[in-house]
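Participant: Here you go, one structure.
FYI, it's all coordinate maths here, none of it is from the lab. Since the structure is predicted, the reported quantities are computational estimates derived from the model, not experimental observations. For neighbour counting, all protein chains shown are included, and Cβ atoms are generated from backbone atoms with ideal geometry for every residue, glycine included.
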Amino acid sequence: MRIEVLGCSGGIGPGLRTTSLMLDGQTLIDAGTGVGDLEPAAARNIRRVLLTHAHLDHVCGLAFLADNLFSVIDRPIEVLARGETIEALRRHLFNWTLWPDFTRIPSERTPTLQLRSIEPGTAIDPIGEVGVSSFEVCHTVPSLGYVLQGPAATFAFTGDTGTCPRLWRALNALPKLDLLMIDVAFPDQEAELGELAKHYTPASLARDLGELRHRPQLLLTHHKPGNEAELLAQCAETLQGWSIRHLRRGDVIEI
Ligand SMILES: [Zn+2]
Ligand SMILES: [Zn+2]
């Protein structure tokens, strides 16, 4: 499996895009502003979108993607997310006010988007030989992370999360974990904000990693713009002994 990071920033700015991962050219995990850099041919290949949660930095690209594709695709894009996220998309985004309802365009029978709720913690249709499942995390809205279990390696992406015992329980239940892509949004001096907004800081992540029985490489993501250098320094200090990599737009992970 090839995972391309279309965006992984906690905000926008020159060269920064919000969260979206492209899996083998056909599946997205989240649809943040990173989707906007896709060539039209690449966008037309998308078959499925897995969403972690309803926050705009993870779904705004879906609105524009649907608008670009409704007249050129011949089958719906399947959008999978937990029920609360699907409900939020229907109620607040694809509601004819903020944006047209692309679950009914161009027609109810063959819409652009087909929204489907998934049960947290259960397996989803595999992608080739890679198994896909979700797990619950702790954010300000109901949120999921996803696990991709390939023949050679297991990759987990938390989406947005702060301190979360059930996250570590879910990861510990995996037979192995080679790569963990995890949220570190705020530097340590903004710990209070991190707790309110339910995002990790280097110190809270380092503390909670003590719960993890695996020793994956950490792919650190969702840094709030302007804090990157400080987060780099704090993570180097706080996560000593861990293999860490700060993800950037354009990075490719092969598992
Ligand atoms: Zn969020
Ligand atoms: Zn976010």
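Participant: Which value, in Å to one decimal place, does the Kirkwood hydrodynamic radius take for the chain when every pair of different Cα atoms is included?
Facilitator: Answer for the chain: a Kirkwood hydrodynamic radius of 18.3 Å.
Participant: Which distance in Å, rounded to a whole number, links the C-alpha centroids of segment 68-114 and segment 1-32?
Facilitator: 20 Å
Participant: Which loop-located trypsin sites (Lys or Arg not before Pro) does segment 167-215 contain, where loop means any DSSP state but H, G, I, E or B and the Cβ has at most 11 other Cβ atoms within 10 Å?
Facilitator: Answer by residue number: K176, R213.
Participant: Okay, next question. For the chain, what proportion of DSSP beta bridges, expressed in % and rounded to the nearest 5, is antiparallel?
Facilitator: The answer is about 50 percent antiparallel.
Participant: Something else: Divide by every residue of the chain the summed helix terms, -39500 (n - 2.57) for each DSSP H run of at least 4, and state the resulting mean residue ellipticity at 222 nm, rounded to the nearest 500 deg cm²/dmol.
Facilitator: The helix-only estimate for the chain comes to -6000 deg cm²/dmol at 222 nm.
Participant: Over segment 194-255, what is the relative contact order in whole percent, taking alpha-carbon pairs under 8 Å and six or more residues apart?
Facilitator: Normalised by residue count, the contact order of segment 194-255 is 42 percent.
Participant: Taking θ as phi - 60°, what are the ³J(HN,Hα) couplings along segment 39-46 by the Karplus curve (6.51, -1.76, 1.60), each to the nearest whole Hz, with x for Gly and Pro?
Facilitator: After applying 6.51 cos²θ - 1.76 cosθ + 1.60, I find 5, x, 5, 5, 5, 5, 7, 5 Hz.
Participant: Further question on the same structure: What longest region of the chain stays clear of GluC sites (Glu not before Pro) that DSSP places outside H, G, I, E and B and that have at most 10 other Cβ atoms within 10 Å?
Facilitator: Of all site-free stretches, the longest is 130-255.
Participant: Still on this structure: Express in nm, to one decimal, how much length is gained between E211 and A236 on full extension, taking 0.36 nm for each residue of separation and deducting their alpha carbon distance.
Facilitator: 7.0 nm
Participant: Using θ = phi - 60° and the Karplus relation 6.51 cos²θ - 1.76 cosθ + 1.60, list the HN-Hα couplings for segment 181-195 in order, rounded to whole Hz, with x at every Gly or Pro.
Facilitator: My calculation for segment 181-195 gives 8, 9, 6, 9, 8, 10, x, 4, 5, 9, 4, 5, 5, x, 5 Hz in order.
Participant: Okay, next question. Could you derive backbone 3J(HN,Hα) for segment 135-151 from the dihedral phi with the Karplus parameters 6.51, -1.76 and 1.60 (θ = phi - 60°), listing whole Hz in sequence and x where the residue is Gly or Pro?
Facilitator: 8, 7, 10, 10, 9, 6, 10, x, 9, 10, x, 10, 10, 10, 10, x, x
Participant: Under 4.7 Å Cβ to Cβ, no partner at all: give me those cysteines from the chain, in residue order.
Facilitator: C8, C60, C235
Participant: Please tell me the relative contact order of the chain in percent, rounded to the nearest whole number, where contacts are Cα pairs under 8 Å and at least six residues apart.
Facilitator: 18 percent
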